[in-house]
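Just below is one structure, and these are the notes that go with it.
The values are calculated or read from the model by the stated rules, or taken from the named source; none is laboratory data. Bear in mind that the values here come from a model prediction, so they are computed numbers and not experimental data. Here the Cβ positions follow ideal geometry from the backbone for every residue, glycine too, while neighbour counts run over all protein chains shown. Remember, those area values only see protein heavy atoms, side chains included, never the ligands or the DNA or RNA. Shrake-Rupley method; radii C 1.70, N 1.55, O 1.52, S 1.80 Å.
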Amino acid sequence: MSDSQRDSDQHIRLFIPGPTEVRPEILDAQTRWMIGHRMPEAAELFGRVQEKLRQVFLTESRVYVTASSGTGWQEGAVRNLVARKALNCVNGAFADRWREVTEANGKANAVLEAPWGEPIRPEAVVERLAGGEFDAVTIVHNETSTGVVSPIQEIAAAVRALPNGEEITILVDSVSGLSGAELRFDEWDLDMVFTSSQKAFALPPGLAFAAVSDRALAKARTVENRGYYFDIVDLEKYLLRNQTPATPAISLLYALDRQLEDMVAEGMPARFARHLAMRDRTITWAQERGFSLFAAEGYRSPTVTCVTNDRGLDIGALNQYLRRHGMIISNGYGPLKGKNFRIAHMGDTTMTELDELLATIDGYLNSEA
Ligand SMILES: Cc1ncc(COP(=O)(O)O)c(C=O)c1O
């Protein structure tokens, strides 16, 4: 489809933390002829995708692909991998949603809370886990509501150093982090990490990906009531023949296959570095204009910057202005609405595009002055 058919007049470039901008060639990849999910062509497609997903998750383990959004895996993680009691680490809205999901699935839990804007700290996690009460911990890598990245590598190392550290299942939501904010599944010794397609993967919504360690899969085989759609024991059985138990979202898999080519070609170190550079540019821009940052220093997200609204801007009016220029950012999340605004710099967004956004916001600030 050409861009004119797609109606470029109505194109509003997304600088919101999901869904993110999807390039035209990736959108187009979805229009290939349909195939049946038990045909050899589908197995080839699934196999190709699996190979590349492992390179993105930096793992030699498996990565399950589901026709769902990331919330599905918040549920799948606790259903498969909480046997006795979960420690839910909560430092923002999405971490709190995972607590809610844990409870909605009838799992015993306790909460480790950190103030919004702060990361989850390794010392606090191990202090709670040391008693031996918990067999799993849930942590959000990149809190989209606050723009905070938690030190997953340090947390995992501290957990593994506990006497019972090998028995604790480390569950990580990297929905708005993975492939933008550094995460190394094998090297950091994690058990499950999941993400959604519509964030730093820069794909349409509708797919979710979950990497699972051998240790976690072995544990799941002993857990009762794993549920059905996200049962990793069943998903594994099908993955071994490059299939899924239920009908996959084939058009989205075409787009994923195409997008992963480019992600792998860019390489994960370069991808992480590009996101960090965009984060730093956004932070400098904000500070030079008299704004402070909501996230604690040292823990600012590479994919989304949460700018404190120190100048008392009308964020709705700012976004109306941006829309007229074909762009959009996000207001603060939930209780932070109006108090801050969020600029996403994730996926395939380039520094040039980010600079255009920041210059357009400058245009608004100057018109206000
Ligand atoms: C950190 C985090 N976790 C979970 C979710 C829920 O993901 P989804 O909307 O793909 O279900 C989001 C959505 O923004 C998120 O940012």
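Structural remarks
- Sorting the segments 253-262, 333-342 by their residues' average number of neighbouring beta-carbon atoms within 10 angstrom, most packed first, yields 253-262, 333-342.
- Packing-based order for 320-329, 238-247, using average beta carbon neighbours within 10 Å, highest first: 320-329, 238-247
- Here region 188-241 has 52 percent of its accessible surface on carbon and sulfur atoms, given a 1.4 Å probe and all protein chains in place.
- Restricting region 1-80 to GluC sites (Glu not before Pro) in coil, as DSSP defines it, with at most 13 other Cβ within 10 Å: E60
- FRET efficiency, 1/(1 + (r/R0)^6) with R0 41 Å, evaluated for Y228 and S292 via beta carbons: 0.30
- Residues in the chain average 40 Å² of solvent-accessible surface per residue, probe 1.4 Å, ligands and nucleic acids excluded.
- Couplings 3J(HN,Hα) for region 110-118, derived from phi with the Karplus relation 6.51 cos²θ - 1.76 cosθ + 1.60 (θ = phi - 60°), are 9, 10, 10, 9, 10, x, 4, x, 10 Hz, where x marks Gly and Pro.
- Peptides 84-90, 185-191 ranked from most to least packed by the mean count of surrounding Cβ atoms within 10 Å: 84-90, 185-191.
- For the chain, the membrane-span-like helix rule (DSSP H, alpha carbon extent of at least 20 Å along the helix axis, mean Kyte-Doolittle at least 0.0) picks out 250-266; this says nothing about an actual membrane.
- Annotation for region 219-277 versus region 122-137: alpha-carbon center distance of 29 Å.
- Per residue, the average separation of C-alpha pairs within less than 8 Å and at least 6 apart gives region 43-112 a relative contact order of 26 percent.
- Loop-located chymotrypsin sites (Phe, Trp or Tyr not before Pro) in region 195-236, at most 12 other Cβ atoms within 10 Å (DSSP): Y228
- Low-density loop positions, GluC sites (Glu not before Pro), region 278-369 - DSSP coil, at most 10 other Cβ in 10 Å: E297
- Simple spin-label estimate for A110 and E44 in nanometres, 7 Å along Cα-Cβ: 5.4
- MRE, 222 nm, helices only [DSSP H, n ≥ 4, -39500 (n - 2.57), over the chain, to nearest 500]: -12500 deg cm²/dmol
- Relative counts (whole %) of C-alpha pair distances in the chain, using bins that are 10 Å wide: 5, 25, 32, 24, 11, 2, 0
- For region 215-355, the gyration tensor built on C-alpha atoms gives a prolate shape. Its axis ratio a/c (a ≥ b ≥ c) is at least 1.5, and a/b is the larger of a/b and b/c.
- This model, with +1 at the C-beta of Lys and Arg and -1 at the C-beta of Asp and Glu, gives the chain a dipole about its Cα centre of some 540 debye.
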